[in-house]
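The structure appears below as structure tokens.
We did not get these values from a lab; they are worked out from the coordinates using the rules stated. A quick note: this is a predicted structure, and the numbers were derived from the prediction, not measured. Cβ placement follows ideal geometry from the backbone for every residue including glycine, while neighbour counts extend to all protein chains displayed.
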Amino acid sequence: MAEKSIAVIGAGKWGQALHFALSQNQKCLITSRTKRDIKDFVDLQTALDCEYLVIAIPAQEIREWLQENFVFSGQKILVAAKGIEASTGEFLNEIYEEFIPRKNIGFISGPSFASEVMQALPAAIVINSKSRKLYKEVSPMFPRFLKTYYSDDVIGAEVCGAYKNVIAIASGICQGLKLGNNARASLISRGLVEMQRFGKEFGARKSSFIGLSGAGDLFLTASSELSRNFRVGLGLAQGKALKTILEELGEVAEGVKTSEAIHKLSKKYKIYTPIANEVKLILEGKSAQDSLKDLLKS
Ligand SMILES: NC(=O)C1=CN([C@@H]2O[C@H](COP(=O)(O)OP(=O)(O)OC[C@H]3O[C@@H](n4cnc5c(N)ncnc54)[C@H](O)[C@@H]3O)[C@@H](O)[C@H]2O)C=CC1
Ligand SMILES: O=C(CO)COP(=O)(O)O
């Protein structure tokens, strides 16, 4: 295995942005399931032979990808996805830990639109890992414009990153329905409370929700059309079918499937998750008007 070699797996928006960022301080390779004409592109095996892997494959695809492609040989992994597996309600750390020792895994969280990272605009992210050693190794790999913080609250970061996508859909609906800035701010702040209540059930730390991973990423995603999840909400408010919205988007909006996962988990553990529940119902066809107005009334 080469020394301090690093590769990004998955050449979507975030994978390419992370490749750009990580290429500032060292050579960084990139691969994806289809061959791409992009700088540093290598085949999957060459990428898998690297010591550090940044895996930027969407949450719903990761289990199958790991089963089919991954053999652990000491690699250290940074997980870039933000979502919860809908079919099982399992968190990504649970899935990854079936394949890789916990001490070798870190999760990237925080407010970080790929398009802004691609322009080298400043941002702050969190590397969440049970291993501070891993953080110390990977932190210098990031460029100056991406300031890194450390947290060991892996589950907190995961809940924040996944849940904010669902609230961003709700916020996009709110915006699309022209319910006003007051309504949107209320929705976002109640969303933060809801995320925290949900996370508490799984051992997430309160402080993560008021930091970069929680409030930081939620405020970003739930108030900008740069967010794919927010745009899903706008489309729903316009009465478009989900299928059409997702086809037009052409990129992943993790909040769609994550709302199913949250529903599954909140039912199982009896957690009060009113916003996520309404988002799931709207995605299934309930009128966005009725849903959001009811939610903000009750
Ligand atoms: N775009 C952004 O600003 C950010 C995205 N994220 C997260 O990163 C993850 C990826 O998002 P994006 O790259 O933006 O999405 P994207 O839709 O642009 O790209 C997803 C990539 O995953 C690949 N992929 C999908 N299924 C696969 C499979 N089964 N095997 C191999 N590759 C597969 C696709 O070919 C595509 O290249 C998501 O979980 C997202 O929430 C996190 C932070 C920022
Ligand atoms: O997670 C993100 C920014 O931190 C990106 O959000 P979207 O997937 O909604 O575009």
**Asked** Angle between the Cα long axis of helix 254-269 and the longest principal axis of the chain, 0 to 90 degrees, nearest 10?
**Response** 70 degrees
**Request:** Compute the signed sum of charges (Lys and Arg +1, Asp and Glu -1) over the other residues within less than 12 Å, Cβ to Cβ, of LEU296.
**Result:** +1
**Request:** Could you please rank MET118, MET141, MET195, placing first whichever residue has the fewest other Cβ atoms within 10 Å of its Cβ?
**Result:** MET118, MET141, MET195
**Within the chain: Cβ-based charge dipole about Cα centre, in debye rounded to nearest 20 (Lys, Arg +1; Asp, Glu -1)** = 820 debye
**Request:** Take the eigenvalues of the Cα gyration tensor for segment 159-297, scale each by 5, and report the square roots as semi-axes in whole Å, largest first.
**Result:** 22, 15, 15
**Prompt:** Quick one: if the Förster radius is 35 Å, what FRET efficiency do ASN25 and GLU284 give, using the C-beta to C-beta distance and rounding to 0.05?
**Reply:** 0.20
**Neighbourhood net charge (11 Å Cβ-Cβ; Lys/Arg +1, Asp/Glu -1) for VAL154** = -2
**Request:** Consider all pairwise Cα distances in segment 22-103 and report the whole-number % of them above 20 Å.
**Result:** 34 percent
**Asked** Sequence-distant or interchain residues sharing an amide H contact under 5 Å with TYR149, placed H: which?
**Response** ILE125, VAL126, ILE127
**Prompt:** What's the angle, to the nearest 10 degrees (0 to 90), between helix 181-201's Cα axis and the longest principal axis of the chain?
**Reply:** 60 degrees
**Fill in**
The alpha-carbon pair-distance distribution computed for the chain, with 5 angstrom bins and whole-percent values, is 1, 6, 13, 17, 19, 17, 13, 8, 5, 2, 0, 0
**Asked** Quick one: helix 228-237 against the long Cα principal axis of the chain, what's the angle to the nearest 10°, folded into 0 to 90?
**Response** 20 degrees
